[in-house]
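The values are calculated or read from the model by the stated rules, or taken from the named source; none is laboratory data. These figures come from a predicted structure and were not determined experimentally. Counting neighbours? That spans all protein chains shown, and the Cβs are built from the backbone with ideal geometry, glycine included. The accessibility values were calculated without ligands, DNA or RNA, using every heavy atom of the protein model including side chains. Shrake-Rupley method; radii C 1.70, N 1.55, O 1.52, S 1.80 Å.
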Amino acid sequence: MNLLGYASAMDLVAWRGIVFTIFILHFVFACQLLLLQPLVSALGMASFDSENNANDGKPGDVAELFERVSQNVKVKRYSEALDDLNAAIEADPTLSEAYWHRASIQRQLCRYEESEKDYTKFLEMKPGNSAAEKELSQMLQALSALETAQNLFESGDMTKSLHYIDKIVLVFSPACSRARLLKVNLLLATKDYSSAISETGYLLKEDDDNLEALLLRGRAYYYLADHDVASRHYQKGLRSDPEHSELKKAYFGLKNLLKKTKSAEENASKGKLRLAVEDYKAALALDPNHLAHNIHLHLGLCKVLVQLGRGKDAVTSCTDVLDIDGELVEALVQRGEANLLIEDWEGAVADLKSAAEKSPQDMNIREVLMKAEKSLKLSQRKDWYKILGVSKTAAISEIKRAYKKLALQWHPDKNVDNREEAEAKFREIAAAYEVLGDEDKRTRYDRGEDLEEMGMGSGGGGFNPFGGGGQQFTFHFEGGFPGGGGGGGFPGGGFGGFQF
């Protein structure tokens, strides 16, 4: 009995344990259902939303994608923006908005072929979208304008080409490197070097290893004669690509120019003037368009030619300087000196007067100007030697013979048909003899003194060979003139006698 009772008690405990275990298991299961269901639902909804967003472009991950693309475009990180869009399209080729965004970025970069494909794809998926159609039209306008601008540049119409670039291409494709490089070439062609430097600065900010931009920016500095900065740009480009032909040509061309210039200046300073002339000419031949540097070469050449006494060549060189900068005082002075060498007195006075007005404190210029003005005045006085037809070294006897011959030839009584001309000639001959026949007056005349201001040799009111208070001359020629009376007087006797 005891054994049976003990067995019954053990069975009761076992049953109770089983029941308790089952209860615990049900309780745990119920808790799992209650606690995990919201999480499972959330995960399911997230998956569903993700699928819907990918297909319908609703807010969510796709919205975040486009926001990131937009921010990258704003800071000009076009490559990152395109990478995001390419990945999105690869993951879901039906994501229409991604095509539109990518088309817009490609348009801004002037990758027109790819841009047109993306616009076309988007419009196939979303036909009738007016905004996309407008952008496609703008892209086609930019493409056409860029081609036109290139053709105009090649034909030499820089102004119109620049208009197409600024007013159309860079409006619809502001990140177009090709258009910006073309614009820089146009600015260089129109000698707007400062703008070319600014424009290439934008390009190098985006890519400091842009070799074309480095080359063009170096050229801009070169044509401003900022050779050190130009050389640094060329060298930086060559470090990236040592075999870049245009960069090598620019760099070594600059080195050769500076070498020739230095040689010319050194030869000029050492007095080796003929060698300096050859070096200056060689340097000028290297780049005739480099005006900012060539102005100094032309001026250096002009100075050397003046020193050599080659006035005509010096005038040409100084004129080349003034064609570049008409206000350069030193060039005006040098051309004035050159004009004195070739006896262009009026040209010398004009240049030196202009220089004196621009530099009124320079007494050296005033001194040369006075010399030129004196030479001009002397050149405007009558050449008595030439009037009598004798040399400046002629003896007084030779002067008298010449005077006698010309006086007889031009006596008004012998020139009845052209009496007025004869009288003028006769006065001029007599005035010449008045100066050259007097030793003191002739000496003063030869020294360049102004005898007219001293009341001598005017050939006018101060001397009248026809009487009226002037000096009287009586000719006594053996045999007289035909028709004359004894003693050789001229018929009419209206001019008095001339006598040696």
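Per-structure values
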| item | result |
| --- | --- |
| Residues that are part of a helix (DSSP H, G or I) and of a type outside the set (Gly, Ala, Ser), drawn from the range 143-157 | Leu143, Leu146, Glu147, Thr148, Gln150, Asn151, Leu152, Phe153, Glu154 |
| Subset of the range 388-403 (residues that are open to solvent by 40 Å² or more (accessible area, probe 1.4 Å), touching a residue at least 24 places away in the same chain (Cβ under 8 Å) and not charged (D, E, K, R)) | Ile396 |
| Those helices (runs of 4 or more DSSP H) lying entirely in the range 193-300 with at least 2 residues more than 29 Å from Val321 (Cα to Cα) and not assigned by the TED database to the domain that holds Val329 | 193-206, 211-223, 227-240, 245-269 |
| Leading residue by the ranking (nearest to Leu224 (Cα to Cα)) among those in the range 159-198 that are β-branched (Val, Ile, Thr) and in contact with a helix residue (DSSP H, G or I) (Cβ under 6 Å, 6 or more places away or on another chain) | Ile197 |
| Residue list for the range 272-297, filter: touching a residue at least 60 places away in the same chain (Cβ under 8 Å) and open to solvent by less than 30 Å² (accessible area, probe 1.4 Å) | His290, His293 |
| Cβ pairs under 8 Å, 6+ apart, first in the range 167-189 and in contact (Cβ under 8 Å) with a residue 40 or more places away in the chain and over 27 Å from Tyr222 (Cα atoms), second small (Gly, Ala, Ser) and open to solvent by less than 50 Å² (accessible area, probe 1.4 Å) | Val169/Ala142; Val169/Ala145; Val169/Ala149; Val169/Ala179; Phe172/Ala142; Ser173/Ala142; Ser173/Ala179 |
| Any chance Asn267 is modelled with pLDDT under 95 and either touching a helix residue (DSSP H, G or I) at 6+ places or on another chain (Cβ under 6 Å) or open to solvent by 30 Å² or more (accessible area, probe 1.4 Å) (or both) | no |
| Any hit, the range 361-368, residues being crowded, with 19+ Cβ neighbours inside 10 Å, more than 28 Å from the chain's Cα centre (by Cα) and over 29 Å from Leu215 (Cβ atoms) | yes |
| Residue check, Leu257 at pLDDT 95 or above and open to solvent by less than 40 Å² (accessible area, probe 1.4 Å) | yes |
| Qualifying position, being more than 30 Å from Ala220 (Cβ to Cβ), among the β-branched types (Val, Ile, Thr) and within 25 Å of the chain's Cα centre (by Cα), among Val277, Val329, Val315 | Val315 |
| Enumeration of residues in the range 103-132 that are open to solvent by 90 Å² or more (accessible area, probe 1.4 Å), part of a helix (DSSP H, G or I) and either over 24 Å from Arg77 (Cα atoms) or at pLDDT below 95 (or both) | Glu124 |
| The range 223-236 residues that are among the charged types (D, E, K, R), paired with ones that are in a helix (DSSP H, G or I) (beta carbon under 9 Å, 6 or more apart) | Asp226/Ala220; Asp226/Ala292; Asp228/Tyr221; Arg232/Gly218; Arg232/Tyr221; Lys236/Leu214; Lys236/Gly218 |
| Residue count for the range 90-102, restricted to those that are under 20 Å from Asn72 (Cα atoms) and hydroxyl-bearing (Ser, Thr, Tyr) | 2 |
